[in-house]
1. Take every Cα-Cα pair in segment 52-164 and report what % of them are more than 24 Å apart.
2. Write out the trypsin sites (Lys or Arg not before Pro) in segment 66-164 meeting two conditions: DSSP loop, and at most 12 other Cβ atoms within 10 Å of their Cβ.
3. When the chain is fully extended, how far beyond the present Cα-Cα distance does GLU37 get from ASP114, taking 0.36 nm per residue of separation?
4. Among ASP114, ASP109, ASP75, which comes first, second and so on when ranked by fewest other beta-carbon atoms within 10 Å?
5. To make sure I understand, if each residue's beta carbon is the centre and we count other beta carbons within 10 Å, what order do ILE149, ILE106 fall in, fewest to most?
6. Return the distance in nm (one decimal) between the two label points of a simple spin-label model at LYS160 and THR53, each offset 7 Å from Cα along Cα→Cβ.
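Every number here is computed from the coordinates shown, using simple stated rules; none is lab data. For clarity, every value in this text was computed on a predicted model and none was experimentally measured. When we count neighbours, we look across all protein chains shown, and the Cβ atoms used for this are built from the backbone with ideal geometry, even at glycine.
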Amino acid sequence: MPLQNIGHDERRHQRAGEPLCDAVDRVSHQSEGNPGEKIEVKKELVNGKEEMTTVTVAALVQGNLAGYELREQFDYVTILVGRGFEEFPASYKGVSGGGIWYQQFITTDGKTYDVQPILAGVAVWQSKNPTIKNGWKVGTVTGHAWVSIYGHVRRALAEKRAIE
């Protein structure tokens, strides 16, 4: 989907602060999933009968790359995300298993951008407590990274197919 470059948005930088906006015009990382605190259970009338309904919000939360680490046979990617201010969830409980996406913004003319998403990780855990960075509450979401996903999964599938 093409995005129109509308120039530098000073309000975005003032609103989200430095921890969430470095190099956002070229690359961005996001965590996606269903934060548990965004789930709402309510009673409604459906066809004249009272029913319980559950509404959940699927979220794609922008963050910054905070780290990459290779430990033994697995690799991990960590992103820094806002926690508990504006619309950022206070907890990322519920996003486990959701994707950590690397969004690359490609332009040939400097005005119109195409977004090329790449699955960079699968969320596994969050930091227990938020910390303060430049006056903003932030936390981390960490997950298995690209070698774990693309390398190990491909090898496991190839081994399984060889047995069948």
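1. Within segment 52-164, distances greater than 24 Å cover 41 percent of Cα pairs.
2. Counting only loop positions with at most 12 other Cβ atoms within 10 Å, the trypsin sites (Lys or Arg not before Pro) in segment 66-164 are LYS111, LYS128.
3. In short, 24.5 nm is gained.
4. ASP109, ASP114, ASP75
5. ILE106, ILE149
6. Reported label-point gap for LYS160 and THR53 is 3.7 nm.
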